[in-house]
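Below is one structure, written out as structure tokens; comments come after it.
The values are calculated or read from the model by the stated rules, or taken from the named source; none is laboratory data. Remember, it's a predicted structure, so these values are computed and weren't measured experimentally. For accessibility, only protein heavy atoms count, side chains too; no ligands or nucleic acids. Shrake-Rupley method; radii C 1.70, N 1.55, O 1.52, S 1.80 Å.
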Amino acid sequence: MRVNLLHPWPTSVAEAEAVQERLRPSVELTGPTAFATVAGLDVHYHGDEELTAAVVVLSAATLEVVEQAVAHGRAAFPYVPGLFAFRELPALVQCLERLTVTPDLLVCDGYGLAHPRGFGLACHLGVLTGLPALGVGKTPFVGSCEPPAPERGAWTPIVLEGAEVGRALRTRDGVKPVYVSQGHRIGLGTACGQVLRLSPHARLPEPVRRADRLARHGR
DNA sequence: GCGACAG
DNA sequence: ATCTTGTCGC
């Protein structure tokens, strides 16, 4: 699929923040409720700046792999909380461009709306591709939430400035929750439903686990 | 000033 | 993110 990464790439914190502010109004918080194919995206770092990005497209019905791609590169921005996406975006976009199929949903490793400026990696990838996207984080990063009940499926809202920007969602009984937020063209309930459905036996959704494995081990 | 801070 | 084994439980 084709993706247009913005030209010139930001070279300062102020420029990167300005990009987020400029793209944020494009985020749509409603969209499809069912998806035939789902892509997981992740990045593995080796050394200081070198990285491998991976995308794995699965059939939503069977969780079988449809297609996958990797891209090697360097972190494209220093690590600044809130600007995390700028490190990985070029390599992730390159992965997506190597796909011959267009996935119906992007499952990103990180946050979407649950972000200091309401524009995390999942929003950024969603807006650049125009595809529905959601973010799954492994740690609470922004806002506040109560721990959900210990049963799989239990959730609590992540609240930021009085608004629900995501949910802490238990995907396995008695295991730490994941933190789900909308990226683009998806409702929060749909996003959580997809994460649950895509995580039948592990804490993290299968597409993200596959992408993580591909980025780390090349398989 | 110090700690916190998606990956 | 990364440095890292075995172990317990489903």
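What separates the Cα centres of the stretch A:194-212 and the stretch A:52-118 is a distance of 15 Å.
Could you work out what % of the accessible surface of the stretch A:118-213 is carbon and sulfur, using a 1.4 angstrom probe and leaving DNA, RNA and ligands out of the count? Show your work: numbers first, answer last.
Working: 1850 of 3630 Å².
Its accessible area is 51 percent carbon and sulfur atoms.
The phi torsions of the stretch A:128-137, fed into the Karplus equation with coefficients 6.51, -1.76 and 1.60 and a -60° offset, translate into couplings of 5, 8, x, 9, x, 8, 9, x, 10, x Hz, rounded to whole numbers, with Gly and Pro shown as x.
Among A:W9, A:W155, what's the order by accessible area (1.4 angstrom probe), most exposed first?
On the way: A:W9 60, A:W155 115 Å².
The most accessible residue leads, giving A:W155, A:W9.
Under a 5 Å amide H cut-off, with hydrogens placed 1.01 Å from N, A:E67 pairs with A:V57 among residues at least 5 apart or on other chains. Here the Karplus curve 6.51 cos²θ - 1.76 cosθ + 1.60, taken at θ = phi - 60°, turns the phi angles of the stretch A:172-187 into couplings of 9, 4, x, 10, 2, x, 9, 10, 9, 9, 6, x, 6, 6, 7, x Hz, with x standing for Gly and Pro.
Over chain A, DSSP H runs of length four or greater, each weighted -39,500 (n - 2.57), average out per residue to a 222 nm ellipticity of -7500 deg cm²/dmol. Remark: chain A carries 44 Å² of accessible area per residue (probe radius 1.4 Å; ligands, DNA and RNA excluded).
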